[in-house]
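Report on the following structure.
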Amino acid sequence: MLHAGGLDRAEPDPVMLDLLRWHGAEEVEHRAVAFDMYQHAGGEDPARHVRRILGMAVTAPVLLYLWAWGTAYLLRHDPQLAARSRYALREHNRAVRKGLLPTWRELGAAIPRYLRRSYHPSQEGSLRTAVAHLASSPAARAAAGAVGRAAIS
């Protein structure tokens with residue numbers, strides 16, 4: 001999402017684009033917390049690696065369903081859409097071609113990377129890019145200012 005030029009070309013509301021990218025940068029920034037805790041609690045002995053594979057087999061379809069459901073919900077409730085829209089694979093693929101969403105190949109390629117024993121979340125995304133975005137994001141700067149003002153009060 002931090003590198004998706006299609007989002008810029010789509011000319012979205014600047015506040016929403018900043019919020020979307022802020023969220024992506026935050027995910028990169030704290031991506032390893034749960035994984036590191038998992039490692040600390042027992043990590044990658046052979047039984048736990050099998051458990052991680054089984055966990056992926058269960059959660060991936062659930063996340064895919066929730067993603068489709070969430071997209072459909074947002075489409076149905078978007079006041080800027082002229083008619084009630086529904087999630088459609090054809091429209092999803094159009095968004096992929098425009099660079100608004102990752103390709104199915106990109107999404108699918110993440111699974112074998114995750115299943116490697118040597119995997120760590122720090123191998124995904126660029127922390128430098130995320131921190132640079134947070135330093136320039138109007139939403140992040142406003143939040144930092146609010147925290148600073150609250151600390152003074």
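No lab work stands behind these numbers, since they all come straight from the coordinates. Being a predicted model, the structure only gives us computed values, none of them experimental. Because the Cβ atoms are built from the backbone with ideal geometry, glycine has one as well, and the counts that use them run over all protein chains shown.
Given the Cα-Cα distance of A95 and R141 and 0.36 nm per residue of separation, how much length would full extension add, in nm? If you can, show how the numbers build up before the last one.
Numbers: separation 46, 0.36 × 46 = 16.56 nm, distance 3.00 nm.
That works out to 13.6 nm of additional length.
Can you find, among A47, A32, V62, the residue sitting farthest towards the positive end of the charge dipole of segment 9-72, where Lys and Arg contribute +1 and Asp and Glu -1 at Cβ?
Towards the positive end, the residue furthest out is A47.
What residues have an amide H closer than 5 Å to that of L100, excluding those fewer than 5 places away on the same chain, when H is modeled at 1.01 Å from N in the peptide plane?
Placed amide hydrogens put nothing under 5 Å from L100.
Mind jotting down the distance between the C-alpha centroids of segment 1-33 and segment 51-123, whole Å?
After rounding, the separation between the Cα centres reads 15 Å.
If R0 is 41 Å, what FRET efficiency do you get for V58 and L127 from their C-beta distance, rounded to 0.05?
Details: r = 29 Å, r/R0 = 0.71.
FRET efficiency, V58 to L127: 0.90.
HN-Hα J couplings of segment 12-24 from phi, Karplus 6.51/-1.76/1.60, θ = phi - 60°, integer Hz, Gly and Pro as x?
My calculation for segment 12-24 gives x, 4, x, 5, 5, 5, 4, 5, 4, 6, 4, 4, x Hz in order.
Could you give me the ³J(HN,Hα) list for segment 30-42, computed from phi with Karplus coefficients 6.51, -1.76, 1.60 and θ = phi - 60°, whole Hz, x at Gly and Pro?
Couplings: 10, 4, 8, 4, 5, 5, 5, 5, 4, 4, 5, 7, x Hz.
List, in order, the whole-Hz ³J(HN,Hα) value for each residue of segment 59-73 obtained from phi through the Karplus relation with A = 6.51, B = -1.76, C = 1.60 and θ = phi - 60°; use x for Gly and Pro.
7, 4, x, 5, 5, 4, 4, 5, 5, 5, 5, x, 4, 4, 4
At 222 nm, what value in deg cm²/dmol follows for the chain if DSSP H runs of at least 4 each add -39500 (n - 2.57) and the sum is divided by all its residues, to the nearest 500?
Details: 8 runs with 107 residues, N = 153.
The per-residue figure over the chain is -22500 deg cm²/dmol.
Which trypsin sites (Lys or Arg not before Pro) from segment 9-94 combine a DSSP loop assignment with at most 12 other Cβ atoms within 10 Å? Provide the component values of the computation, followed by the final result.
Details: sites: R9, R21, R31, R48, R51, R52, R76, R84, R86, R90, R94; in loops: R31, R84, R86.
Answer by residue number: R84, R86.
Could you list which residues have their amide H under 5 Å from that of Y119, counting only those 5 or more apart in sequence or on another chain, with H placed in the peptide plane?
For Y119, no residues qualify.
Placing one identical point scatterer on every Cα of the chain and ignoring solvent, what is log10 I(q)/I(0) from the Debye formula at q = 0.13, 0.16, 0.21 Å⁻¹?
Those come out to -0.83, -1.15, -1.43, one per q.
How far apart, in nm, are two points set 7 Å out from the Cα along the Cα-to-Cβ line at E26 and at A10?
It is 2.0 nm.
Mean separation of Cα pairs under 8 Å and 6+ residues apart, divided by the residue count of segment 44-123: what relative contact order is that in percent? Don't skip to the end; give the middle numbers.
Working: 24 pairs, mean separation 19.4, N = 80.
Here the relative contact order equals 24 percent.
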